[in-house]
Amino acid sequence: MSKKSVTRRGFLLTSAAVAAGGALMPRGLWALGQDAVVDVPRSNNHIGYEKVAWKARPFPMEQVRLRPGLLKDMQERNRVYLYMLPNDRLLHSFRLTAGKPSRAEPLGGWEAPDCDLRGHLTGGHYLSACALMYASTGDESLRLKAEALVGALAECQQPDGYLGAYPSSMYDRMKKGVELPADQHWNGSTDHVWVPFYTYHKIMAGHLDMYTHCGSEAALHTATRMADWAIKWIELLSDEELDKVQRIEHGGMNEVMFNLYAITGEKKYLNGGLRFEHKRFFTPLAAHQDKLAGLHSNTNIPKVIGAARGYELTGDERYKDIAEYFWQTVVDHHTFAPGGTSNTNEGWSEPDTTGIHLGPGGQECCCSYNMLKLTRHLFGWKPDARWMDYYEHLLWNVRAGTQNENGRLMYYVPTIPGGWKTFDDPYESNLCCTGSGMEEYAKLVDTIYFQDEKSVYVNQFVASEVNWPEKRARLVQQTEFPEEGHTSIAIYAEKPVSFVLKVRDPHWAEGTAVSVNGRPEKAVKGSDGYLVIERIWKGGDRVEVNLPMALRQESVAGSPELATVAYGPLVLAACMGRNGLSRELIDAGQGPEMERLPAMPMPSFEARSETSKESKGTASWVKKTGEGELRFQTVGQAKETDLKPLYQVLDERYSVYWKKAHKA
Ligand SMILES: [Zn+2]
């Protein structure tokens, strides 16, 4: 398969062909979401339709604000991007499909008028991103822009409830199944189809986010009518036909149906979510069998988020088990060092084989986006630092640093030695990861703080503040993390108030130390991995947390000859120069074209004997250089190499994997 076919389209058709051959097998009432789409207060107050309440829940996003820092910069760049996309251009294909005139210049890439993914971003991700950005910043102009888009999209909705940027007849092709030979690619003919329900999910989710975060009743109305159309469409299918349809990417259709049930209480949406369950995918997971090899990654993770919602709304422990087993399996056996999952071709390989699948593709950004969403559910059920350690790892290694200084976004995070990051075009790419990326950088506030009745959880070390009206208190976190291993939390309160401050003690910290108002504090570490500081707080109290970072060598499951290096939460990359790299190669949004610039030899380091420090996890062959910035260098090697955190690598070639060179 050529490089150009390393795309969603290429993978889909290949995998579908193999599968066909049988070888693979409301403010007040609105607003409030367990996973940013769902209703927290209703569920946790047991007055909604949730059967399972989260033990800890996020603060509503509008109560959390970023303060100046790396994440605030990311948020602002993304906000600019959202304003760069005019509604008329976003609406173009929807209007033409509805038989309405449009003289707008069409967007390109995966939103081009002849691309069968059109609508996924313009009518879906974009609305989610605006809704999340409104919740994160209170940007009223952006809310109005998105509300206008909702109104114009409603004018394109068909009388039967269908809404899309291509005709509903495209769905009927799926009933036949996709039966292309592995080497034949989709050619735009009407005989084949890309991923209609994948797109439908995004459009429905965008509308639900507009309702959940912006109170748009119009958006909810559109979403319910869309759901009614989808339910009617699949009701007419036999189980055999449904199985064929579900071999084509359909993402979180179960999730969005469940979310609609959570909002409306209408059983038909609950049943819709159950009907959209992908049994072929869930059955092995429920049996604790890792059959992920060969499957597409990004389309399947949202199904598991759907399982999480199914558990919360029905209490069915099978769904919980599927979600937990899947998460653990992916994290333990299918994850690259920086935290991303999926290999070249967007799919999974056999367990513990990431080390032999280092390539220009892989670590698709959508997968990281979706794994973060799933992780929040698992944390909500059982708050524990290990979920938030993982969240932090993805946040700083494959979410930070996948948006460049111009706000441009990435598709894959390459792992091939000498690979480089590539960034999309604001108008001509419109990849799946452009869409999930614009959501990601709009919701950066949503996991920093969680709460229960008596505690606030400080999950992430991010310059930010949170208002806690129930306690008439406000917490302000100041930090330059991860450029420093330290954070400080100031408490503002009208009068003394009692609550428990729980601060995550990260797995990488070498002796976390806490002080309150300048005095060392013996914070007890709970079994959940959080440091507990319980007292009556007064306005002006200040908590300082020191989080010492150290260099660490990490092993690669299944590839004992390889290693990676981390500093605290940060995966370090070997800097391999800019030789041969051009702006054109960097601006090629679909991943590095290695045939134009070949890979480089993997950097190596001299491993000492098995009893040395290296085998115990320290990395004495790397040292930190300089005081103020995160710069590193190898020590005692034949050729010394510079390293820096992967998130700071933007326009140079790199490798995060190292080969152990043994002395002869
Ligand atoms: Zn993607």
Task: Where labels lie 7 Å past Cα in the beta-carbon direction, separation of residue 264 and residue 452 in nm - done: 3.5 nm
TODO: Quickly rank 444-454, 314-324 as a protection proxy: mean count of other C-beta atoms within 10 Å, highest first.
DONE: 444-454, 314-324
Task: residue 154-residue 650 pseudo-label distance in nm [points 7 Å out on the Cα-to-Cβ vector] - done: 4.1 nm
Open item on the list: Out of all Cα-Cα pairs in region 220-350, roughly what percent, to the nearest whole number, are more than 25 Å apart?
Closed with: 27 percent
Task: FRET efficiency for residue 583 and residue 480, using Cβ-Cβ distance with R0 set to 25 Å, rounded to 0.05 - done: 0.25
- [ ] Starting from one equal scatterer on each C-alpha and no solvent at all, send me the Debye-based log10 I(q)/I(0) for region 56-176 at q = 0.10, 0.20 Å⁻¹, two decimals.
- [x] -0.38, -1.09
Task: 1.4 Å probe accessible area per residue over region 322-421, in Å² - done: 20 Å²
- [ ] Could you provide, to the nearest whole Å², the per residue accessible area of region 537-664 with probe 1.4 Å?
- [x] 48 Å²
Task: When region 495-619 is reduced to its Cα atoms, the Kirkwood hydrodynamic radius in Å - done: 19.1 Å
- [ ] Quote the relative contact order of region 293-434 in percent (integer), defining contacts as alpha-carbon pairs under 8 Å separated by 6+ residues.
- [x] 23 percent
TODO: Straight distance only, please: which lysines reach the Cα of residue 639 with their own Cα at less than 23 Å, same-chain residues fewer than 8 apart left out?
DONE: 613, 623, 624, 659, 660, 663
Task: Förster-model FRET efficiency, 51 Å R0, residue 76 and residue 237, C-beta, rounded to 0.05 - done: 0.65
Task: Binned Cα-Cα distances of region 304-407, short to long, each 10 Å bin given as a whole percent - done: 14, 43, 32, 9, 1
Task: Computed over region 211-285: relative contact order in percent, which uses C-alpha pairs under 8 Å that are six or more apart - done: 23 percent
TODO: Any cysteines in the chain with zero other Cys Cβ atoms under 4.7 Å from their Cβ? List them, or say none.
DONE: 115, 130, 156, 214, 366, 367, 432, 575
TODO: Could you check the simple spin-label distance between residue 620 and residue 140, using points 7 Å along Cα→Cβ, in nm with one decimal?
DONE: 6.3 nm
- [ ] Take peptides 457-464, 481-488 and line them up by average Cβ neighbours within 10 Å, highest first, as a rough protection proxy.
- [x] 457-464, 481-488
Task: Efficiency of FRET from Cβ geometry, residue 660 and residue 546, R₀ 35 Å, rounded to 0.05 - done: 0.60
Open item on the list: With a 1.4 Å probe and all protein chains left in place, how much of the accessible area of region 372-480 comes from carbon and sulfur atoms, in whole percent?
Closed with: 44 percent
Task: the chain - share of DSSP beta bridges that are antiparallel (%, nearest 5) - done: 90 percent
TODO: Express the accessible area of region 61-180 per residue in Å², computed with a 1.4 Å probe while the remaining protein chains stay in the model.
DONE: 36 Å²
TODO: Quick one: P(r) of region 396-549 from all Cα-Cα pairs, 5 Å bins, percents rounded to integers, in order of increasing distance.
DONE: 2, 8, 16, 18, 15, 12, 10, 8, 7, 4, 1, 0
- [ ] Give the cross-link partners of residue 373 among the lysines, using a straight C-alpha distance below 18 Å as the criterion and excluding same-chain residues fewer than 8 apart.
- [x] 55, 202, 303, 320, 382, 443
Task: Alpha-carbon centroids, region 621-664 and region 493-525: separation in whole Å - done: 34 Å
Task: Length added when fully stretched, residue 521-residue 382, from 0.36 nm per residue minus Cα-Cα - done: 47.4 nm
Open item on the list: Taking all protein chains in place and a 1.4 Å probe, what share, in percent, of the accessible surface of region 516-556 do carbon and sulfur account for?
Closed with: 49 percent
Task: Globularity ratio of the chain, using Cα Rg and 2.2 N^0.38 Å - done: 0.93
- [ ] Once you have the Cα-Cα distance between residue 283 and residue 217, take 0.36 nm times their residue separation minus that, and quote the gain in nm to one decimal.
- [x] 20.0 nm
Task: For region 43-98, the Rg and Dmax computed from alpha carbons only, in angstrom - done: 18.9, 47
Open item on the list: Suppose a student asked you for the relative contact order of region 230-378, using Cα pairs under 8 Å spaced at least 6 residues apart; what percent would you report?
Closed with: 22 percent
Task: Coarse-grained scattering of region 354-405 at q = 0.31, 0.32 Å⁻¹, given as base-10 log I(q)/I(0) from a Debye sum over alpha-carbon atoms - done: -1.16, -1.19
Task: region 76-120: projected area of the alpha-carbon convex hull, averaged over directions, in nm² - done: 3.3 nm²
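The values are calculated or read from the model by the stated rules, or taken from the named source; none is laboratory data. Worth saying up front: this structure is predicted, and the values here are computed from it rather than measured. Glycine also receives a Cβ, built like all others from the backbone with ideal geometry; neighbour counts cover every protein chain displayed. Calculation scope for accessible area: heavy atoms of the full protein, side chains included, ligands and nucleic acids excluded. Shrake-Rupley method; radii C 1.70, N 1.55, O 1.52, S 1.80 Å.
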